[in-house]
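The values are calculated or read from the model by the stated rules, or taken from the named source; none is laboratory data. Owing to the predicted nature of the structure, the values given are computational and were not obtained by experimental measurement. With ideal geometry, Cβ positions are generated from the backbone for all residues, glycine too; neighbour counts draw on all protein chains shown. Only protein heavy atoms, including side chains, enter the accessible area calculation; ligands, DNA and RNA are left aside. Shrake-Rupley method; radii C 1.70, N 1.55, O 1.52, S 1.80 Å.
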Amino acid sequence: MENFELAIPGTITEAISLLPEQWDDSGGRSSTLLAGGQDLLTVLKEGLMQPERLVHLRGIKGLNGIEVAPDGSIRLGAMVKISALAESGAVQAAAPALAEAALSVGSPQIRNQGTLGGNLCQRPRCWYFRNSDAPCLKKGGLECFAYGGKNKYNAILGGGPSYIVHPSDLAPVLVMMGAVLVCHSPRGERRIDLADFYTSPADGDVTRENVLEADEIISMVEVPQSPEGMSTVYMKAQERGSFDFALSAVALGLRVKAGVITECRLVLGSVAPTPWRCSAAEGFAVGRDNDEAAWAEIAEIALADAEPLSENGYKV
């Protein structure tokens with residue numbers, strides 16, 4: 001790891017002033033934001049980025065709050081610890097699936113250090129991307145080595161030309177709930193639907209995973225109140241115990257009346273470069289009986305476009 005300067009600004013304005021105007025050619029920047037550091041410090045140790053300065057957000061007041069608004073929505077500061085999300089009575093009552101997802105993240109030590117904003121912005125965990133000696137497509141090379149190589153953990157949906165997966169547990173739930181990011185830059189405040197925040201390698205810039213600008217900071221995540229009668233859940237499959245990343249995951253929001261599905265929100269995690277919204281399956285579900293036969297059909301539609309690689313067909 002190269003030496004770097006550590007800056008701890010006291011305001012968002014000061015923090016923004018320490019960031020560059022543009023991303024560099026490798027998708028990095030001369031100054032990089034530091035939140036909990038659970039992913040970033042690993043990226044630095046792996047030699048994937050070598051910023052000259054880390055801008056730590058811990059000195060900015062007001063970024064670690066959990067607030068339930070009068071309309072029932074929840075305002076979550078970007079620096080809220082993942083453990084606080086899991087343990088918050090307000091989150092458990094208003095967004096139980098989000099609390100479940102937060103509790104599923106890593107170990108207690110990681111949850112106590114990791115933050116909401118950092119979890120949403122973490123980098124993918126492909127073998128080749130994380131290997132500093134592998135000049136893969138994701139790092140500006142000419143080939144996605146996972147396509148014909150070791151791809152047990154890679155994408156089965158929306159893959160190509162790079163087959164990364166987004167590893168966040170919180171993102172699928174927040175997409176399912178219609179969360180909005182509040183961001184700040186020299187150009188002022190910008191609100192971004194989380195569903196529109198993530199980018200796919202097929203969108204053009206394979207080195208990027210989201211639309212955040214180099215001089216932009218996420219300050220808050222706003223989560224709308226769930227519709228009356230909607231139940232939510234988050235489930236994940238893991239390889240090694242309870243501390244591991246998801247092999248595959250699902251965030252589900254469901255409303256049922258008289259045994260019939262009236263609304264369905266279905267987002268898959270760890271199977272695509274972005275949180276994967278199953279729009280066709282959602283539409284098909286409405287009006288169906290809430291029974292095993294209907295869910296077998298819903299599942300088939302949700303995975304109809306899956307294209308497993310040589311080692312990850314189990315994800316289907």
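Looking at ARG265, ARG255 in this structure, which one is in a strand (DSSP E or B), under 19 Å from the mean Cα position of the chain (by Cα) and at pLDDT 95 or above? Of ARG265, ARG255, the one residue that is in a strand (DSSP E or B), under 19 Å from the mean Cα position of the chain (by Cα) and at pLDDT 95 or above is ARG265.
Restricting region 70-99 to residues that are touching a Lys or Arg at 6+ places or on another chain (Cβ under 8 Å) and among the aliphatic types (A, V, I, L, M) leaves a set whose member that is surrounded by the most Cβ atoms within 10 Å (Cβ to Cβ) is ILE82.
Hey, does region 269-281 have a residue that's part of a strand (DSSP E or B), open to solvent by less than 50 Å² (accessible area, probe 1.4 Å) and over 29 Å from GLY149 (Cβ atoms)? No, region 269-281 contains no residue that is part of a strand (DSSP E or B), open to solvent by less than 50 Å² (accessible area, probe 1.4 Å) and over 29 Å from GLY149 (Cβ atoms).
None of GLU2, GLU21, GLU67 is outside any helix (DSSP H, G or I) and in contact with a Lys or Arg (Cβ under 8 Å, 6 or more places away or on another chain) except GLU67. Residue selection: GLU2 fails the criterion of being open to solvent by 20 Å² or more (accessible area, probe 1.4 Å), of a type in the set (D, E, K, R) and at pLDDT 95 or above.
The residues of region 282-316 that are polar (S, T, N, Q) and open to solvent by less than 50 Å² (accessible area, probe 1.4 Å) amount to a single one, ASN312. Per the conditions (1) out of contact with any Gly (no Cβ under 9 Å at 6 or more places or on another chain); (2) part of a strand (DSSP E or B), the sole criterion not satisfied by ALA293 is (2).
Take the conditions of a type outside the set (Asp, Glu), in contact with a Leu (Cβ under 9 Å, 6 or more places away or on another chain), over 17 Å from ALA15 (Cβ atoms) and in contact (Cβ under 8 Å) with a residue 40 or more places away in the chain and apply them to LEU44. Does it pass? It is true that LEU44 is of a type outside the set (Asp, Glu), in contact with a Leu (Cβ under 9 Å, 6 or more places away or on another chain), over 17 Å from ALA15 (Cβ atoms) and in contact (Cβ under 8 Å) with a residue 40 or more places away in the chain.
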